[in-house]
Amino acid sequence: MLRSLLLAAGLASATPLLAGPQDLPDLTVNAFLSSSDRMRIRAFGAGLEAGNLSPAAVAFLRRDLLAQGYGVTPGQLQVTARRLSFAPVLGWDGNINGGVLQDRLDLGGYVLEADPAFRAKAGLVLGGSLAAMTRLAWGEGRVFELALSSELAWSPRHEIGRADLALNLCSRNHLENWTFLDLCALGSRSWRQLDTGNAHRLSLGLSKIFAAAGGLQELGLRFDRASASGGPQDRLRLSAERISRAGVLDLALTLGEGREDETLLRRRIEAGFAWQALGRDWRFDLWQQVAEGGAFLGRPRRDQLRGLGLMVSLKPGVSLRIGASSSRSTAQIANYDQLSLDLRFGDLLR
């Protein structure tokens with residue numbers, strides 16, 4: 001199927017994939033709601049084979065195929081995609097300074113109050129985000145990807161700032177028959193007035209895209225070696241995403257290695273659904289996670305966190321997201337309820 005897509009899109013050659021069912025409905029509109037560019041290629045490919053793509057859509061498909069390393073000159077390194085974006089940030093942050101969210105602790109009738117200087121500060125933040133990405137193809141359907149993202153924000157009320165920086169390096173590889181193998185390394189650092197943290201993760205992921213029941217599915221299995229407070233932690237993530245006429249549904253389950261002396265992520269369940277209505281893009285997310293291990297004041301610790309969020313596109317390039325999260329723990333100091341509000345703007349450098 002892929003060879004016919006490349007020829008129709010004006011590209012020269014690629015490793016062929018097995019053709020999928022030809023009776024898929026037009027999924028190109030909802031494909032833009034997916035987080036997977038490979039799923040988008042598959043959806044646009046079905047539209048191309050059915051003769052439903054406009055010249056502009058064919059050009060879009062050609063660009064996406066090149067970005068994945070298809071149609072490049074064999075034996076030569078070639079830059080297939082570049083992106084540099086900047087966008088302003090405006091939102092409500094419930095913990096700008098990285099402080100204590102629970103300011104009171106009851107120890108058998110003795111109430112301890114956190115020093116006001118160490119309490120979490122909430123308020124309006126404004127600033128900007130900068131992101132850059134480069135892909136370099138070294139084989140048919142095989143690319144190295146380097147991505148950098150950063151964000152700076154300032155609270156006028158508290159006169160404090162926060163910053164985040166992340167660097168991601170991946171080797172993305174097509175195997176055969178819409179099957180892919182990815183190896184990634186991620187490093188990040190966050191700066192807050194009361195806390196500075198580092199995180200890193202190595203991951204190896206296998207994914208498969210196929211057509212079934214009038215839609216497209218992507219199933220994924222990923223092994224992570226993630227940073228933890230006392231050393232690395234092994235995690236396994238199972239994921240599924242489906243594009244249909246109704247919208248895009250994605251599910252994920254993460255299982256983490258346990259230790260008796262550390263409070264670590266043990267399991268996390270995520271679900272999301274994106275759809276179009278009233279001329280806008282919408283997305284609803286729901287998640288729950290449990291962290292266990294270690295102790296607080298001699299008592300075994302268990303944290304359970306829940307959250308949800310709703311995003312809506314207000315106009316092209318502008319979206320609003322409202323979120324809520326809750327934590328309940330055997331360590332009372334880790335109990336909190338938090339709200340967030342973010343107004344995100346699209347790329348201003350395009």
Taking segment 159-189 only, how many residues are part of a loop (DSSP other than H, G, I, E, B) and open to solvent by less than 30 Å² (accessible area, probe 1.4 Å)? 1
Breaking point among (1) exposed (fewer than 15 other Cβ atoms within 10 Å of the Cβ); (2) part of a strand (DSSP E or B); (3) touching a residue at least 12 places away in the same chain (Cβ under 8 Å), for Glu260: (2)
Out of segment 24-40, which residues are of a type in the set (Gly, Ala, Ser) and at pLDDT 90 or above? Ala31, Ser34, Ser36
Restricting segment 310-350 to residues that are touching an Asp or Glu at 6+ places or on another chain (Cβ under 8 Å) and basic (Lys, Arg), the one surrounded by the most Cβ atoms within 10 Å (Cβ to Cβ) turns out to be Arg321
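For every residue, the table says whether it meets (1) within 24 Å of Ser207 (Cα to Cα); (2) touching a His at 6+ places or on another chain (Cβ under 8 Å); (3) charged (D, E, K, R).
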position	(1), (2), (3)
Arg235	yes, no, yes
Leu238	yes, no, no
Ile243	yes, no, no
Leu249	yes, no, no
Leu255	yes, no, no
Arg266	yes, no, yes
Gly272	yes, no, no
Glu292	no, no, yes
Arg306	no, no, yes
Number of the exception - Lys121 against (1) over 30 Å from Asp26 (Cα atoms); (2) basic (Lys, Arg); (3) open to solvent by 70 Å² or more (accessible area, probe 1.4 Å); (4) modelled with pLDDT of 90 or more: (3)
Within the set of pairs 6 or more residues apart or between chains, which connect a residue that is under 30 Å from Asp261 (Cα atoms) inside segment 273-292 to a residue that is of a type in the set (S, T, N, Q) and surrounded by 17 or more Cβ atoms within 10 Å (Cβ to Cβ) with Cβ atoms less than 6 Å apart? Ala291/Thr263
Can you confirm whether Ala271 is crowded, with 16+ Cβ neighbours inside 10 Å, in contact with a strand residue (DSSP E or B) (Cβ under 7 Å, 6 or more places away or on another chain) and aliphatic (A, V, I, L, M)? no
In segment 51-85, what residues are surrounded by fewer than 16 Cβ atoms within 10 Å (Cβ to Cβ) and not in a loop (DSSP other than H, G, I, E, B)? Pro55, Ala56, Ala57, Ala59, Arg63, Gln78, Val79, Arg82, Arg83, Leu84, Ser85
If I ask for residues that are in a helix (DSSP H, G or I), of a type in the set (Asp, Glu) and closer than 28 Å to Ser319 by Cα, which ones from segment 21-50 would you list? Asp37
What number of residues within segment 140-179 satisfy the criterion of being modelled with pLDDT under 95 and among the β-branched types (Val, Ile, Thr)? 0
Looking at segment 205-238, which of its residues are small (Gly, Ala, Ser), open to solvent by 60 Å² or more (accessible area, probe 1.4 Å) and either more than 30 Å from Asp261 (Cα to Cα) or in a strand (DSSP E or B) (or both)? Ala213
Of the conditions (1) open to solvent by 30 Å² or more (accessible area, probe 1.4 Å); (2) within 30 Å of Tyr70 (Cα to Cα); (3) not in a loop (DSSP other than H, G, I, E, B), Ala199 clears all except one; give me its number. (2)
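The values are calculated or read from the model by the stated rules, or taken from the named source; none is laboratory data. From a predicted model like this one, the values you see are computed outputs, not experimental measurements. When we count neighbours, we look across all protein chains shown, and the Cβ atoms used for this are built from the backbone with ideal geometry, even at glycine. Side chains included, ligands, DNA and RNA excluded: accessible areas come from the protein's heavy atoms. Shrake-Rupley method; radii C 1.70, N 1.55, O 1.52, S 1.80 Å.
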